[in-house]
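First the structure, in the form of structure tokens, and then the observations on it.
The values are calculated or read from the model by the stated rules, or taken from the named source; none is laboratory data. Since we're looking at a predicted model, the values are computed, not measured. A quick note on method: Cβ atoms are made from the backbone with ideal geometry, for glycine too, and the neighbour counts reach across all protein chains shown.
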Amino acid sequence: MSNLQVLKNRVFKLERLEAKQRAASLICTCRVETDYHDANCLESVLKAQANFACEVHGIRDLGPLVWIPDGMPLIRDDRKFCVCPPNSGRTWAEGGPKPAFEQTQAELEAKFKAIFDPNRDIQGESDRINALKAQYDEQIERGLARLGRRRLSYEELAKIELKRAKKDRLVWV
Ligand SMILES: [Zn+2]
Ligand SMILES: [Zn+2]
């Protein structure tokens, strides 16, 4: 092998190593799941989180958009974007103070009053949620088409999340 060839091989190896190191330092911000409490909450979370790019995948995938009851906390990064009325059970689950019985009772009563409100527009709320989800999916698909990529499968997202959790020694949420 000529000296030039040896040198070329060496440069090639170094370049490959550098590319590998660069790829390893990129941070994937895709998620296995994103939660919301209602249409306003979903809109607020999407507004805050849907327009970020993922350094690794280009388009950031927030995973399936999943409804959770308002007494349950959102993913940590999304909590400040929750626009729902305060819920002392949720605050408690997030590490806040244990609520007084009277407080949880009052919140429960207010909640049931809202649920049984004859003017409550259940269909309208459901339509809004579906429209927000469709709009988000469209945005993702458009971005992926531009990059010539397919969407990550749920299994692939789960693997990424697990790897990240192990690396950070964190349990997801
Ligand atoms: Zn990613
Ligand atoms: Zn919320």
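Key figures
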read-out	value
When residues of the range 40-69 are limited to those that are surrounded by fewer than 18 Cβ atoms within 10 Å (Cβ to Cβ), within 11 Å of ligand 2 (Cβ to nearest atom) and not polar (S, T, N, Q), the one nearest to A134 (Cα to Cα)	W67
Residues that are touching a residue at least 24 places away in the same chain (Cβ under 8 Å), assigned to a loop (DSSP other than H, G, I, E, B) and surrounded by 15 or more Cβ atoms within 10 Å (Cβ to Cβ), drawn from the range 73-104	P73, L74, I75, C82
Flag if E107 is under 24 Å from the mean Cα position of the chain (by Cα), closer than 22 Å to H37 by Cβ, within 16 Å of ligand 2 (Cβ to nearest atom) and not in a loop (DSSP other than H, G, I, E, B)	no
Number of the condition not met by M1 [criteria: (1) surrounded by 10 or more Cβ atoms within 10 Å (Cβ to Cβ); (2) out of contact with any helix residue (DSSP H, G or I) (no Cβ under 6 Å at 6 or more places or on another chain); (3) free of Cβ contacts under 8 Å to residues at least 60 places away in the same chain]	(1)
Check on L157, within 16 Å of ligand 1 (Cβ to nearest atom), in contact with an Asp or Glu (Cβ under 7 Å, 6 or more places away or on another chain) and not in a helix (DSSP H, G or I)	no
Residues of the range 40-65 classified as more than 11 Å from ligand 1 (Cβ to nearest atom) and over 13 Å from Y136 (Cα atoms), total	2
Residue among S44, S25 that is farther than 19 Å from L157 by Cα and not acidic (D, E)	S44
Candidate set from the range 117-129 (those that are free of Cβ contacts under 8 Å to residues at least 40 places away in the same chain and surrounded by 11 or more Cβ atoms within 10 Å (Cβ to Cβ)); member that is farthest from V45 (Cα to Cα)	R120
Residues that are modelled with pLDDT of 95 or more and in contact with a Gly (Cβ under 9 Å, 6 or more places away or on another chain), drawn from the range 122-145	none
Checking Q105 against (1) within 16 Å of ligand 1 (Cβ to nearest atom); (2) farther than 30 Å from A145 by Cα; (3) among the polar types (S, T, N, Q), the condition it does not meet	(1)
Members of the range 136-148 found to be touching a residue at least 40 places away in the same chain (Cβ under 8 Å) and surrounded by 13 or more Cβ atoms within 10 Å (Cβ to Cβ), listed by number	Y136, Q139, I140, G143, L144
Filter result for the condition that a residue is among the charged types (D, E, K, R) and within 17 Å of F81 (Cα to Cα), over E43, E18	E43
